[in-house]
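Written out below as structure tokens is the structure these notes cover.
Quick note: the coordinates plus some simple rules give every number you see, no bench work behind them. Just so we're clear, the structure is a prediction, and the values are computed from it rather than from any experiment. Cβ: placed from backbone, ideal geometry, glycine included. Neighbour counts: every protein chain shown.
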Amino acid sequence: NHTRTYFDLYWGNEGQSADEDATPALEATLYYSDGDYKTLKAVYDPRASRRNSNNFAAASSGSYSVSGKNLSFYARMSGLPSADDMYLLRLKLIYNDSAQEMAVASDEVLPLQGNCFTSTATSQETGIARRVQQCKLFKSLPSIFDYVLYSAGGLVK
């Protein structure tokens, strides 16, 4: 059983303004099961002038330090279901397709997202040590499947 009640979502490169056309909004979709497979979706926009037309929830703008990275925007996704099986939290940027830093925190430890491997070598001649870390995330379905309807049973209109 989980007791997770929220996800803290951080995104946006350091120093990014909330008042630009390319300011990224964030769509968060939680896939879970409470006996039936369901999704919970939330969308956040730090740019106030767009929120009247897109009806996204407000996101905070500032400087947020997460795991040594500084990110520009923050929103709390709360009201999570009490489902035992949370399978996937998919994050999608809107209004910006350039590379952006992202981070997620929670009131409960998040499940393993992949595996990291570290290798360290030291030169016997100079004593200089070097360390390399490589992380491989678990695979997920391509985002095109977010828009696919699948039913093991019949469909009801």
Estimated inter-spin distance, E20 and S119, nm [label 7 Å along Cα→Cβ]: 3.7
Less than 13 Å Cβ to Cβ from R50, Lys/Arg counted +1 and Asp/Glu -1: what total charge do the surrounding residues give? -2
Per the 1/(1 + (r/R0)^6) rule, R0 = 25 Å and r from the Cβ atoms of L110 and A57, FRET efficiency to 0.05 is 0.70
Contour minus end-to-end for R4 and S33, with contour as 0.36 nm per residue of separation and end-to-end as the Cα-Cα distance? 9.0 nm
CD proxy at 222 nm, helix term only [per DSSP H run n ≥ 4: -39500 (n - 2.57); per residue of the chain; nearest 500]: -1000 deg cm²/dmol
Could you give the length gained on full extension between A103 and Y87, defined as 0.36 nm per residue of separation minus the Cα-Cα distance, in nm? 4.0 nm
Suppose a student asked you for the relative contact order of the chain, using Cα pairs under 8 Å spaced at least 6 residues apart; what percent would you report? 28
